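One structure is given below, encoded as structure tokens.
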Amino acid sequence: MAIKTWELDSNFKNEIAAMPGGEGIMKCFQCSTCTVGCPITELEPSYNPRKIIQMSLLGMKKEVLESEEIWLCAVCQTCSERCPQDVRISDLMGAIRRIAEKEAEEGKIELKGVRAIFEKAFMHQLEKFGRMYEIGLSMEYYKKAHGGFFAGMMAMQKDYQKLGMRFFKKGKMGPKSMFPDKIKRTGEVKKIFEKVGE
Ligand code: SF4
Ligand code: SF4
């Protein structure tokens with residue numbers, strides 16, 4: 001990827017460092033230990049947390065924030081255990097994602113790929129019910145990822161035909177899972193979300 005020096009934002013690293021979870025970014029000395037041990041690289045060989053950190057340090061703000069890769073971290077914490085500099089990479093990815101969401105809301109960047117949509121739909125379900133409601137998650141995700149209710153429902157039906165029996169066996173589908181199973185104190189969960197939002 002060619003670096004356009006005139007587009008670099010030297011303050012990007014400071015912006016990340018000011019976010020909760022992003023404090024460790026300047027400590028990275030690019031040893032690659034995080035990337036070598038990351039299980040996500042088995043599934044997505046292009047995923048490279050070291051490179052995302054390097055690009056952020058260089059000031060490649062737009063490229064980083066619009067990258068699909070910032071949504072890939074599974075928060076397994078393997079890298080955080082192994083990083084010699086205690087960078088806390090999964091928290092750092094979270095900080096970068098929060099900046100991406102904010103910039104997207106302000107119309108400065110465009111979030112790429114469907115993973116951002118999935119994460120948002122996942123958090124909505126938690127906020128509403130205090131636990132995961134799989135059908136609600138699917139409906140919200142498919143509708144947004146496929147650009148509308150009908151297209152989303154068609155795609156959902158297709159995937160469910162392939163995966164339905166597996167979902168059923170795991171209790172993700174069936175009469176009991178049709179309706180949300182709310183926790184009692186959803187108001188308190190809402191307050192937590194509001195506090196985090198602040
Ligand atoms: S393991 Fe830590 S110091 Fe090494 S590249 Fe990853 S974040 Fe940077
Ligand atoms: S926490 Fe994220 S970046 Fe670190 S090893 Fe796990 S999946 Fe990879």
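The values are calculated or read from the model by the stated rules, or taken from the named source; none is laboratory data. It should be emphasised that the depicted structure is a prediction, and the values quoted were computed from it without experimental measurement. We place every Cβ from the backbone using ideal geometry, glycine too, and count neighbours over all the protein chains shown.
Some notes on this structure:
- Qualifying residue in segment 84-92 (condition: out of contact with any Gly (no Cβ under 7 Å at 6 or more places or on another chain), over 17 Å from Glu23 (Cα atoms) and not acidic (Asp, Glu)): no
- Failed condition for Thr35, given (1) away from ligand 2 (no atom under 11 Å from the Cβ); (2) among the hydroxyl-bearing types (Ser, Thr, Tyr); (3) outside any loop (DSSP other than H, G, I, E, B): (1)
- Segment 1-16 - residue that is at pLDDT 95 or above and closer than 17 Å to Lys51 by Cα and, of those, nearest to ligand 2 (Cβ to nearest atom): Ile16
- Residue list for segment 124-171, filter: of a type in the set (Gly, Ala, Ser) and without any contact (Cβ under 8 Å) to a residue 40 or more places away in the chain: Ser138, Ala145, Gly147, Gly148, Ala151, Gly152, Ala155, Gly164, Gly171
- Filtered by the rule that a residue be within 9 Å of ligand 2 (Cβ to nearest atom) and either of a type in the set (D, E, K, R) or within 15 Å of the chain's Cα centre (by Cα) (or both), segment 38-48 gives Ile40, Tyr47.
- Some residue of segment 61-78 being farther than 25 Å from Lys4 by Cβ, of a type in the set (S, T, N, Q) and surrounded by fewer than 19 Cβ atoms within 10 Å (Cβ to Cβ): yes
- Screening Met139, Met153 for residues that are in a helix (DSSP H, G or I), over 15 Å from the mean Cα position of the chain (by Cα) and at pLDDT below 85 leaves exactly one candidate, Met153.
- Test for Gln77: is it near ligand 2 (Cβ under 10 Å from one of its atoms) and farther than 20 Å from Gly113 by Cα: yes
- Members of segment 9-32 found to be buried (at least 16 other Cβ atoms within 10 Å of the Cβ) and either closer than 15 Å to Leu65 by Cβ or in contact with a strand residue (DSSP E or B) (Cβ under 7 Å, 6 or more places away or on another chain) (or both), listed by number: Phe12, Lys13, Glu15, Ile16, Met19, Gly22, Ile25
- Residues that are outside any helix (DSSP H, G or I) and near ligand 1 (Cβ under 10 Å from one of its atoms), drawn from segment 71-105: Cys83, Pro84, Gln85, Asp86, Val87, Arg88
- Qualifying residue in segment 49-69 (condition: within 16 Å of ligand 2 (Cβ to nearest atom), assigned to a helix (DSSP H, G or I), at pLDDT below 95 and under 24 Å from Ile109 (Cα atoms)): yes
- Looking across segment 2-25 at every residue that is touching a residue at least 12 places away in the same chain (Cβ under 8 Å) and not in a loop (DSSP other than H, G, I, E, B), the one that is farthest from the chain's Cα centre (by Cα) is identified as Glu7.
- Here Glu140, Glu110 are screened, and the one residue that is at negative phi, surrounded by 16 or more Cβ atoms within 10 Å (Cβ to Cβ) and of a type in the set (D, E, K, R) is Glu140.
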